[in-house]
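What follows is a single structure, written as structure tokens, with notes after it.
The values are calculated or read from the model by the stated rules, or taken from the named source; none is laboratory data. Since the structure is predicted, the reported quantities are computational estimates derived from the model, not experimental observations. Cβ sites come from the backbone with ideal geometry, for glycine too, and all protein chains shown count toward neighbours. What goes into the accessible areas is simple: the full protein's heavy atoms, side chains included, and nothing from ligands, DNA or RNA. Shrake-Rupley method; radii C 1.70, N 1.55, O 1.52, S 1.80 Å.
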Amino acid sequence: MGNFPSDLFVDVATLPSNGYGFVQLCFLMMVYAYVLSNASNMVSDGSELLLLVPSVAGIVGSVVLPVLGAVPDGAIVLFSGLGKDAQQQLSVGVGALAGSTIMLLTVPWFLSVLAGRVSLDAHGKGAYKNPAGAKLSPPGSMGLFTTGINVGPAIKTSGIIMIVTSISYVFIQGPAFGLDCGSTTDVSHGKCHASKERPFAIAGFVSSMICFVGYLYYQVRSANDSGNNDLVDEMRKKAIAESLISLSGAFAHELESMSQPGVGTALLESTQRGERLKGILRSFFQRYDRDNSGTIDAGELILLLNDLGEQPTKEEVAALMVDLDKDASGNIDFDEFTVGCLKLIKRRADGTAPEHANMRATTAINDVENALTNTGAAPEDSSSDEEEEIPEDLQSLSPEEQQTRIKIRSAWMMALGTALVLIFSDPMVDVLSEFGNRIHVPPFYVAFVLAPLASNASELIAAYNYAQKKTQKTITIALSTLEGAACMNNTFCLGIFLGLIMGKGLLWEFSAETISIIMVELLMLIFAFRSTQRLIDGYLVLMLYPLSLVVVWVLENIIKLN
């Protein structure tokens, strides 16, 4: 292929043609796939960190995440068409494009339905209002028609957009049939010429770029809608739970508004920001409310605040108990807890110490010490036996400093991940092509199956993790993210593909693959229109993945489409 970066790596064509050479080839493929997978995760994790920065969270969730998520597939497509044998290796690129699109719309969709399923009533309504652990009855139920998910209207909207963005395939595929470029017979007889297809490749490229810009514009316009806010809030929960940031660091923007006269705890009133803050705090509060009484004691309060990354002193907790526990019962409810969190954070931001030097404060400190002695373990449903701590580089930082550190960490993760993707995509294309040649399987099929495992693993895992929370909000986030990835493949990645066809005078020989992609997207639109998706629907979606490969094989080998 090209001089750089392929010259940095082993030329796989020079490997021995015996079994030893094949083992070396497999080893190289695993190494490159491992690097690409981790690089893709770095790009994804780095961009997700920017969701913690309020000033850019809206743009990040709507624009940055989708674009960077498409970079690995786009890089594979790009490098597949840059070498001297570009026409042959382009099949690796189209395999990666088709495999990524179809895999993301089927396998993680099924896993999301499986992981996020709850019991459904006779009308298909999910038991989302049931307590955690009681949403699926009996536990572990695999009822094909009695378990499933409910999704928000965003899934239907995203499905329609996905179909609209696929129009660029029509611009190139339709004329390909009319120009004697649709079948293997036409191509082998020399009836198909790249010069005939070039104007339509230009039209397709322009169309894909218009759809790309239009999709990003739509995303920006909806940056502050409930779906994007839900994504930001889920990232805040994850970051706090994994001790990547403290509560005050995650809500630095809200803290700025608290310093304005007359705001203070009014932030918790029935406003959107207040409800979002309460939603995040409630998920942590419920972990420590073991008896579901709606209250926690002083010992649980200090453990909970530690989980939120605030690391309070005994004196601070005692001051909160005196201030909030008006009846001196030794317990506070959720509303009192949220007020207390804001007061603690604001007091720290102002640099003021607790002012409760009286008998009740002294008694409260003793109560805290006793409670800590009796509450020495994490909650029973905690996911770990050991308590995570805020990283040392964030522990002593103010909310503003935490935000700066998050931006720096995000920048280097995205930069390094993107660099690795660009460097290793080129040799990965060579390896996949050579692997297909040695096992006598067209490179398209190899890339279709293997390339998405390296480039899209992060999207699959993220969708599954969101779905496991078993709420309608999180399942909607999971599935809409998958549809968004398909839209990016229809625009960004296809635009790169058509740019290669246009710029290098290559033939469009991918009729079967195009039909397979559009077929799956049209079928997925049907599922997107269903607000209730049962487990049986998930299995039907999963079957589309192998079915799409069968369709390509039949079209190529029986109907003789190229």
Could you go through the stretch 50-59 and let me know if any residue there is of a type in the set (Ser, Thr, Tyr), surrounded by fewer than 20 Cβ atoms within 10 Å (Cβ to Cβ) and at pLDDT 90 or above. no
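Results for (1) touching a Gly at 6+ places or on another chain (Cβ under 6 Å); (2) open to solvent by 10 Å² or more (accessible area, probe 1.4 Å); (3) under 30 Å from residue 493 (Cβ atoms), shown as yes or no for each residue.
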{"site": "115", "(1), (2), (3)": "no, yes, yes"}
{"site": "120", "(1), (2), (3)": "yes, yes, no"}
{"site": "127", "(1), (2), (3)": "no, yes, no"}
{"site": "134", "(1), (2), (3)": "no, yes, no"}
{"site": "145", "(1), (2), (3)": "no, yes, no"}
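So that you can scan it fast, the table gives a plain yes or no per residue for (1) under 24 Å from residue 552 (Cβ atoms); (2) touching a Ser or Thr at 6+ places or on another chain (Cβ under 8 Å):
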| position | (1), (2) |
| --- | --- |
| 17 | no, no |
| 21 | no, no |
| 33 | yes, no |
| 63 | no, no |
| 70 | yes, no |
| 78 | yes, yes |
| 89 | yes, yes |
| 104 | yes, no |
For residue 254, all conditions in the list (1) at pLDDT below 65; (2) open to solvent by 40 Å² or more (accessible area, probe 1.4 Å) hold save one; what is the number of the exception? (2)
Inspect the stretch 500-510 for any residue being outside any helix (DSSP H, G or I), among the aromatic types (Phe, Trp, Tyr) and under 25 Å from residue 434 (Cα atoms) and give the result as yes or no. yes
Criterion first (in contact with a Phe, Trp or Tyr (Cβ under 8 Å, 6 or more places away or on another chain), polar (S, T, N, Q) and either surrounded by 22 or more Cβ atoms within 10 Å (Cβ to Cβ) or at pLDDT 90 or above (or both)) does residue 425 satisfy it? yes
Can residue 17 be described as in a helix (DSSP H, G or I) and hydroxyl-bearing (Ser, Thr, Tyr)? no
Mind listing just one residue for me: the one in the stretch 485-508 that is open to solvent by 10 Å² or more (accessible area, probe 1.4 Å) and within 19 Å of the chain's Cα centre (by Cα) and, of those, nearest to residue 173 (Cα to Cα)? 492
If residue 301 meets every condition in (1) at pLDDT below 75; (2) more than 17 Å from residue 473 (Cβ to Cβ); (3) of a type in the set (A, V, I, L, M) apart from one, which number is that one? (1)
Restricting the stretch 467-484 to residues that are in a helix (DSSP H, G or I) and open to solvent by 30 Å² or more (accessible area, probe 1.4 Å), which is farthest from residue 126 (Cα to Cα)? 481
Is at least one residue of the stretch 491-508 in contact with a helix residue (DSSP H, G or I) (Cβ under 8 Å, 6 or more places away or on another chain) and free of Cβ contacts under 8 Å to residues at least 24 places away in the same chain? no
Looking for something closer than 22 Å to residue 477 by Cβ, in a loop (DSSP other than H, G, I, E, B) and not aromatic (Phe, Trp, Tyr) - is there at least one such residue anywhere in the stretch 152-171? yes
Go through the residues of the stretch 387-394 one by one and say whether even a single one is at pLDDT 85 or above, open to solvent by less than 70 Å² (accessible area, probe 1.4 Å) and assigned to a helix (DSSP H, G or I). no
I'm told residue 43 meets every condition in (1) open to solvent by less than 10 Å² (accessible area, probe 1.4 Å); (2) part of a loop (DSSP other than H, G, I, E, B) except one. Can you identify the failing condition by its number? (2)
Of the residues in the stretch 60-93 that are closer than 17 Å to residue 506 by Cα and among the polar types (S, T, N, Q), the one that is most open to solvent (accessible area, probe 1.4 Å) is 88
Looking at the stretch 439-466, which of the residues that are part of a helix (DSSP H, G or I) and more than 23 Å from residue 77 (Cβ to Cβ) is least open to solvent (accessible area, probe 1.4 Å)? 466
Members of the stretch 519-546 that are of a type in the set (A, V, I, L, M), within 19 Å of residue 482 (Cα to Cα) and surrounded by fewer than 20 Cβ atoms within 10 Å (Cβ to Cβ): 519, 522, 523, 525, 526, 540, 542, 543
Within the stretch 400-416, track down each residue that is at pLDDT below 90 and small (Gly, Ala, Ser). 410, 411
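Here's the yes/no breakdown for (1) closer than 21 Å to residue 462 by Cα; (2) at pLDDT below 90; (3) within 23 Å of the chain's Cα centre (by Cα):
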site	(1), (2), (3)
92	no, yes, no
106	yes, no, yes
125	no, no, no
138	no, yes, no
147	no, no, no
150	yes, no, yes
